[in-house]
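Participant: Structure incoming, see below.
Read the figures in this text as sums done on the coordinates, not as results from a lab. Because the structure is predicted, anything quoted here is derived from the model rather than measured. Quick reminder, even Gly has a Cβ in these numbers, built from the backbone with ideal geometry, and neighbours come from all protein chains shown.
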Amino acid sequence: MAQMRLSEVQERTEDLIETNETNKGRVQQCQAHMNDCQQRADASRMALQQMQSRYQALASQYQSAASRAEEGTDLSSMRSELEAAAAELERQRDRAETDEYLLQSASRDLMDAERELDQSTHELQGQVGELQTHISEYRQRAQQADVIAGMAYGANIGSFIRQMEEKQSLANDLLNRVYRSLGMSEVAGGTTGGSSYGGGFHGGGFHGGGFSGLSGGAQSTNLSSSGSGAGEGGYSRHFTSEEAKAQYQRAIKSIDETIQNYRTELVAHGAMDGAMLTKFLAKQRADMLRYEAEEIKVARRLREPLSDEERYHYVVVGENSPYNYDNLMNEFGQFCMTDIRSWISDINPNPNNDPRRHVNCGKCAAAVYERLNGSENAVAGLGTYSISEMNSITGRIQTSMSPSAIESYLRTQGAGSHVVVGVDRENGAGHWFNAFFDGHQVYTIEGQGGVINGWPPDYGNVVHWDASV
């Protein structure tokens, strides 16, 4: 009868383990899909905001040009550009709405998968007590039989003892498989050894609404840690889907506060509060959310603990901090130059195959200006701009300045600042280009040639310099 009972437990346990592993796999797939949808939705929202800013800037430029234009002035080019921007804005709004819908759908799928995982986990946990009861029963029977044999009653009970030991071993193996499926410590030495299920969270508790204090990552400066604490070696119990969702919502709120603190501190440390800083902070936010989501996976037993390379390093204030705002400022400058290099060759497409793209420097400088102000898709058209037209596009005044004065101006404005620069040569045509300050040095951004050079540039026999200030 006992063997039959163990066989029934074995069959049910194996079915539950298979179901639980399947549910874990589905949660991982749904989580990965939702992360992809989240990234696309974030990118679409950012692109929509940038397109809205570009459209508003073009509308303002058009209205300004129209109010100052003399009778008969042809504004059709600016009007066509404004209409194209309006159409692109509508398309981007549709993409953002679609990506938001897909994100909500992926979130619902993940919630369904997590509910199923919670149910199978709960049922599998119930097998722990059942198996431990069998193990205890078979151990007690074997011990009793061994005592009887030791009293020399002459009973031939060796086969019975072996049978009890085999049943105990089978139950132990099943229990270990259950523990592995639940992400718990295995039974040690062929005995139950006690369950590690229960207790608090490793690493001193939650930090800042996320897990940044749990796995040894540097903590953010604006929020304090709290929590129950636990021993070494990782999370000591399974994190339910409801706890995970609540924790992720706390993480989002905390991260948004942290990003605002980052902006305030970076501006105080010399960064220009402009489009490049916004773009940099959007990447930091996405990295934080990705990191906190992976930590939640660890707490849910859906992946191994994060490696040092996978952790996001939050800023810590202090003289000996491993990662402080000076580090973040350096990272901002590096981000800016990496971002510019990623699109500079797209500004003036196929210049070697179209001679007209050798004389469109004004359009190239304007496109670079728009990119540095947040546009994701600005490219140069054909033709160029006069000084008055460039003033209308940038909303600034091309002011006579020496190369050293331009550099001093950018350094005063801070990391991420930029200007359109115009030069006149003693002989030949003038030239338009851009200058950018990354927090350490000023660079020449040559949109027409698709290259980045040092400062000041060498454009031959230049007799006059001006910049948009």
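Participant: May I ask you to sort Val317, Val423 by Cβ crowding, counting other Cβ atoms within 10 Å and putting the fewest first?
Facilitator: Val317, Val423
Participant: So if the hydrodynamic radius of segment 354-469 is defined as the Kirkwood radius over C-alpha pairs, what does Stokes-Einstein give as its diffusion coefficient at 10 °C and 1.306 mPa s, in µm² per second?
Facilitator: Estimated diffusion coefficient is 113 µm²/s.
Participant: Gln334 to Arg290: extension gain in nm, 0.36 nm per residue of separation minus the Cα-Cα distance?
Facilitator: Length difference between fully extended and current span is 13.7 nm.
Participant: Okay, moving on. Please order Met337, Met51 by the number of other Cβ within 10 Å, starting at the fewest.
Facilitator: Values: Met337 17, Met51 23.
Lowest to highest Cβ neighbour count: Met337, Met51.
Participant: With the crude spin-label approximation of a point 7 Å out along Cα→Cβ, what separation in nm comes out for Asn350 versus Asp94?
Facilitator: 2.7 nm
Participant: Tell me the trypsin sites (Lys or Arg not before Pro) within segment 352-398 that lie in a loop according to DSSP and have at most 15 other beta-carbon atoms within 10 Å. Provide the component values of the computation, followed by the final result.
Facilitator: Values: sites: Arg356, Arg357, Lys363, Arg371, Arg396; in loops: Arg396.
Sites meeting the loop and neighbour criteria: Arg396.
Participant: Restricting attention to segment 34-108, which GluC sites (Glu not before Pro) occupy a DSSP loop and are surrounded by at most 16 other Cβ atoms within 10 Å? Could you put the intermediate results ahead of the total?
Facilitator: Details: sites: Glu70, Glu71, Glu81, Glu83, Glu88, Glu90, Glu97, Glu100; in loops: Glu70, Glu71.
For GluC sites (Glu not before Pro) across segment 34-108 that sit outside H, G, I, E and B with at most 16 neighbouring Cβ atoms in 10 Å, the list reads Glu70, Glu71.
Participant: Here's another thing I want to ask about it. ³J(HN,Hα) across segment 44-55 via Karplus (A = 6.51, B = -1.76, C = 1.60, θ = phi - 60°), whole Hz, x for Gly/Pro?
Facilitator: After applying 6.51 cos²θ - 1.76 cosθ + 1.60, I find 5, 4, 5, 4, 5, 4, 5, 5, 4, 5, 5, 5 Hz.
Participant: For Arg425, enumerate residues with amide H under 5 Å from its amide H, sequence gap 5+ or separate chain, H modeled in the peptide plane.
Facilitator: Gly430, Val463
Participant: Using alpha-carbon positions, what is the distance between the centroids of segment 393-455 and segment 88-111, in Å?
Facilitator: 39 Å
Participant: For segment 267-329, which GluC sites (Glu not before Pro) pass both filters: DSSP loop (anything but H, G, I, E, B) and at most 16 other C-beta atoms within 10 Å? Intermediate values should be presented prior to the final figure.
Facilitator: On the way: sites: Glu292, Glu294, Glu295, Glu309, Glu310, Glu319; in loops: Glu319.
Passing sites in segment 267-329 are Glu319.
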